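As structure tokens, the structure follows; a few thoughts come after it.
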Amino acid sequence: MANNPVETYAAVDLGSNSFHMIVAEYSDDRIQIIDRIRKMVRLASGLDDNDNLSDKSMNNALDCLQEFGQRIREMPQVNVRAVGTNTLRQANNGKNFIKAARQALGHKIEIIAGREEARLIYLGVANSIYDETDRRMVIDIGGGSTEIIIGKGFDVLERESFYIGCVNMTRRFFKSGEINRNKMNMAVLAVRQEIESIMTKYQALGWNKVIGASGTIHCVNDIIMNAGWSTSDITQQSLTTLKDEVINLGSIDALNFNGLSSDRKPVFIGGLAVLCGIFDAFKVQQLNVSDGALREGLLYDLIGRLHDKDIRDSTISSLANRYSIDTEQASRVKNTAIKLFEQLCVPWKLDKNIDLKFIQWAAEIHEIGLAIAHAQYHRHGAYLIANSDLAGFSREEQGKLALLIRSHRRKYPVDDINNFILDDTDNIKRLCILIRIAILLNRSRLNVSLPQIEIKAKEFALKLKFPENWIENNPLTRADLDLEARYIKAVGFKLTYSSS
């Protein structure tokens, strides 16, 4: 029996301290990493006091992405996922950078929220060190943030992201380069204050093992192993020994450990303080080190999306249950939207892997705002989607889904649509139109089969053709279509309809 064809995927992690890319082949449910590239970019170091990225830091990052792009530029867009983390969440000029970064990489780049970053980190660790029996605490110390997660098997039980990383903690407490016990104690205390809010909840859940991921923890582990302070893993005693040695050396310039690279040296002390604070707060005695982290989690999540294991589907279903959405009406709208999509995907150049997903999700939860109030419920729904933690969704994806829900009735929010990501504006308009017509045709909320509707579409025009006498026998639908034809002009489209 022939093997399934080999598919190639890539995941790119635009971290606050370094950029990572992994390329993998997937066949017969197996993933084989075939390439890894890592570049120390120190994007977080380029943030000024007003949270703007410097030209120098952006240029360094773009140079790195051009190198990455040479490796993956010819790969299908759907097989590549690139995400930005804490620094790009924080940067006021992050959108300008993202536009240039997309061009350099040759692929779309999304910004993910901290808790979504935590979920992906756990997924990467879980696939690297699988354990279906033990409950694990996973710690990932990045350049701009630290994620702490508790999970079991592949399931995340709790996850949180904190604005403490090796770059910002070094700048905050060790900016002069001097290291002493007082500075270290202040930094460790600041870490404990930051994570205090989760202590009770996490301790109530409990854990059997502690696992660490990413650069800082790998570096600490290398130093400890090379020095012979531990024979396996990072222990409380070996970490304390390292901390004391660092304090004795007295400055960042004096750090000369075997295992500490020159590019990590400037920010190492901040990451060490974060790890010491977490060890103290949770009374950690031993930490195992994982090779898997955000980029591996991103890769597994991406492949899952394309092979019927998309966590975003489960997220939408959970929302529908949580807010008691009328699932029968949602199903009617969804089925109609799919039929419309089948006729419009070619003339409107809609993507079956991406656009159809958003149409289906929007149909399933377009009435979510009714949980707050009927008046302006499309606005309430958009707010809920834009500001909730939605597992699997990037910030941009949440914004896109929120905009579809905001736009599904009444006047089109023209300014919001035009201010969305520029290269997606016409696409957003077409998806809004499609979902609005699907809702319009099911306004009666009855389980009555709709007639066969023939659709002809041009770039900015849509014509619906109904069976003979159907539109005349359904005056409410006719009135709704006339109103929609007036609304649709605001976004530069034309809607007409007729009978056979």
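Computed values, structure above
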read-out: Test: residue in region 402-421 that is under 23 Å from Val78 (Cβ atoms) and modelled with pLDDT under 95; value: yes
read-out: Subset of region 245-287 that is among the polar types (S, T, N, Q) and either in a loop (DSSP other than H, G, I, E, B) or not assigned by TED's automatic domain parsing to the domain that holds Ile223 (or both) - its residue that is farthest from Arg171 (Cα to Cα); value: Gln285
read-out: Selection count where residues are free of Cβ contacts under 8 Å to residues at least 60 places away in the same chain and either at positive phi or of a type in the set (A, V, I, L, M) (or both), scope region 157-193; value: 2
read-out: Among the residues listed as Ile325, Ile338, the single one being in a loop (DSSP other than H, G, I, E, B), surrounded by 13 or more Cβ atoms within 10 Å (Cβ to Cβ) and not small (Gly, Ala, Ser); value: Ile325
read-out: Boolean, Ala44 is of a type in the set (Gly, Ala, Ser), under 29 Å from Pro5 (Cα atoms) and surrounded by 21 or more Cβ atoms within 10 Å (Cβ to Cβ); value: no
read-out: Single residue of region 47-61 satisfying the filter (in contact with a helix residue (DSSP H, G or I) (Cβ under 6 Å, 6 or more places away or on another chain) and farther than 25 Å from Gly292 by Cα) that is surrounded by the most Cβ atoms within 10 Å (Cβ to Cβ); value: Leu53
read-out: Any chance Arg181 is at pLDDT 95 or above, among the basic types (Lys, Arg) and surrounded by 13 or more Cβ atoms within 10 Å (Cβ to Cβ); value: no
read-out: Segments classed as strands (runs of 3 or more DSSP E), wholly inside region 113-166, with at least 2 members that are closer than 17 Å to Gln90 by Cβ and under 18 Å from the mean Cα position of the chain (by Cα); value: 146-152, 155-162
read-out: Hey, Ala190 over 19 Å from Ala293 (Cβ atoms), among the small types (Gly, Ala, Ser), crowded, with 16+ Cβ neighbours inside 10 Å and touching a helix residue (DSSP H, G or I) at 6+ places or on another chain (Cβ under 9 Å) or not; value: yes
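The values are calculated or read from the model by the stated rules, or taken from the named source; none is laboratory data. As the structure is a computational prediction, the values presented were derived from the model and not from experiment. All Cβ positions, even for glycine, are placed from backbone atoms using ideal geometry, and neighbour counts span all protein chains on display.
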